[in-house]
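Novice: Structure in structure tokens, see below.
Read-outs throughout are calculated quantities, based only on the coordinates presented, and are distinct from any laboratory measurement. Every value quoted in this text rests on a predicted model; they were computed, and no experiment measured them. Every residue, glycine as well, gets a Cβ built from its backbone with ideal geometry; the counts of neighbours run over all protein chains shown.
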Amino acid sequence: MTKATPVIAIDGPSGSGKGTIARRVAVALGWHLLDSGALYRLLALAATRRGIGLDDADALAELAANLDVSFAANDDGEELIWLDGKPVRGELRTEEAGRGASTVAALQPVREALLALQRGFRKPPGLVADGRDMGTHVFPDAGLKVYLTASAEERARRRHKQLKDKGIDVSLAALSRDIEDRDRRDSERSVAPLRPAEDARILDSSGQSIEAVTNRVLGWARELLAEKL
Ligand code: DC
């Protein structure tokens with residue numbers, strides 16, 4: 001029997017630092033990276049552009065199954081996300097795109113339609129996948145599952161800084177409300193709600209540096225890789 005390509009699943013709520021940690025772990029190991037939240041954001045964006053309602057499950061599922069998306073560098077070596085053959089930049093990271101993503105993500109047919117696309121990212125030598133249900137649904141056989149969390153205040157502060165650095169101006173209070181709403185919607189939905197997998201390692205990143213959290217995950221990964229992963 002051939003051994004399946006190893007997967008590290010990193011799940012957690014909005015602003016927990018999953019994206020940053022997943023990227024660093026993937027670079028350190030030389031593995032592929034799946035930012036699954038970007039797929040839900042892209043779907044909401046593509047739907048809005050086509051005038052498809054964010055509650056139209058059938059039309060959204062069809063769009064999801066045929067989503068023309070790729071993750072590739074442009075001629076200058078800049079890593080970009082491409083939708084319908086054109087690069088998507090800041091509009092994907094806005095709070096509006098996040099809200100849209102969280103809305104379409106609550107629809108079962110949409111999640112179903114995105115499964116194959118997500119699993120297609122699993123290629124040798126390995127995959128680091130970040131999202132809400134990587135360990136529970138998309139890659140239940142992942143060798144390492146991390147549930148990354150942080151206090152709501154700290155997550156709002158981090159998101160605020162991230163957006164500010166990108167020149168996007170939004171109030172901290174509005175951001176906190178948005179994060180709480182999104183947490184609620186993501187955790188209370190009936191399909192694939194946000195929750196740690198039973199075999200996930202819980203890592204609270206409050207007050208910890210990015211390096212410390214990355215090293216902790218890499219330490220676990222290397223321990224497990226030495227065994228099997
Ligand atoms: O990680 P993010 O903020 O880019 O995700 C945006 C939204 O997409 C999030 O609020 C919930 C949804 N999502 C999901 O339901 N499942 C995933 N695996 C990733 C994201």
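Novice: Based on DSSP, what percent of beta bridges with both residues in the chain are antiparallel, to the nearest 5? It would help to have the intermediate numbers written out before the result.
Specialist: Working: 8 of 25 bridges.
DSSP beta bridges in the chain are roughly 30 percent antiparallel.
Novice: Taking the Cβ of Leu218 as the center, what net charge do the other residues with Cβ under 11 Å away carry, scoring Lys and Arg +1 and Asp and Glu -1?
Specialist: Net local charge, Leu218 excluded: +1.
Novice: Roughly how many whole Å is it from the C-alpha centroid of region 68-105 to that of region 120-176?
Specialist: 15
Novice: While we're looking at this one, here's another question. How many nm separate the modelled label positions at Trp82 and Gln162, each set 7 Å beyond the Cα in the direction of the Cβ?
Specialist: Spacing of the two 7 Å Cα→Cβ label points: 2.5 nm.
Novice: Considering the dipole of the chain built from charges on the beta carbon (Lys and Arg +1, Asp and Glu -1) around the Cα centre, which of Thr136, Leu115, Ile81 is farthest to its positive end?
Specialist: So the residue furthest toward the plus end is Thr136.
Novice: Full extension from Asp56 to Ala226: what is 0.36 nm times the residue separation minus their Cα-Cα distance, to one decimal in nm? Display every interim value, and only then the final one.
Specialist: Values: separation 170, 0.36 × 170 = 61.20 nm, distance 4.66 nm.
Length difference between fully extended and current span is 56.5 nm.
Novice: I would also like to ask the following. Please state the shape class of the chain: rounded when a/c is under 1.5, otherwise prolate if a/b exceeds b/c and oblate if not, all from the C-alpha gyration tensor.
Specialist: Note, shape of the chain comes out rounded.
Novice: Which residues in region 1-25 have a backbone N closer than 14 Å to a point placed 7 Å from the Cα of Asp181 along the Cα-to-Cβ line?
Specialist: none
Novice: Can you tell me, using C-alpha contacts under 8 Å and at least 6 residues apart, the relative contact order of the chain as a whole percent?
Specialist: Numbers: 354 pairs, mean separation 75.5, N = 229.
Reported relative contact order: 33 percent.
Novice: Can you tell me the order of 11-24, 70-83, 38-51 when each peptide is scored by its average per-residue count of other Cβ atoms within 10 angstrom, highest first?
Specialist: On the way: 11-24: 23.4, 70-83: 11.2, 38-51: 19.7.
For the peptides 11-24, 70-83, 38-51, the packing ranking is 11-24, 38-51, 70-83.
Novice: Using helices alone, I'd like the mean residue ellipticity at 222 nm for the chain: each DSSP H run of four-plus residues gives -39500 (n - 2.57), total over residue count, nearest 500.
Specialist: Working: 8 runs with 107 residues, N = 229.
So the helix-based figure for the chain works out to -15000 deg cm²/dmol.
Novice: Next up: I need to check one value: relative contact order of region 32-157, counting alpha carbon pairs closer than 8 Å and at least 6 residues apart, in percent.
Specialist: Details: 133 pairs, mean separation 42.6, N = 126.
About 34 percent, as a whole number.
Novice: While we're here: Which order, highest average first, do 130-141, 97-108, 199-210 follow once you tally other Cβ atoms within 10 Å for each residue and take the mean per peptide?
Specialist: Details: 130-141: 22.9, 97-108: 20.8, 199-210: 14.6.
Listed from highest to lowest mean packing, they are 130-141, 97-108, 199-210.
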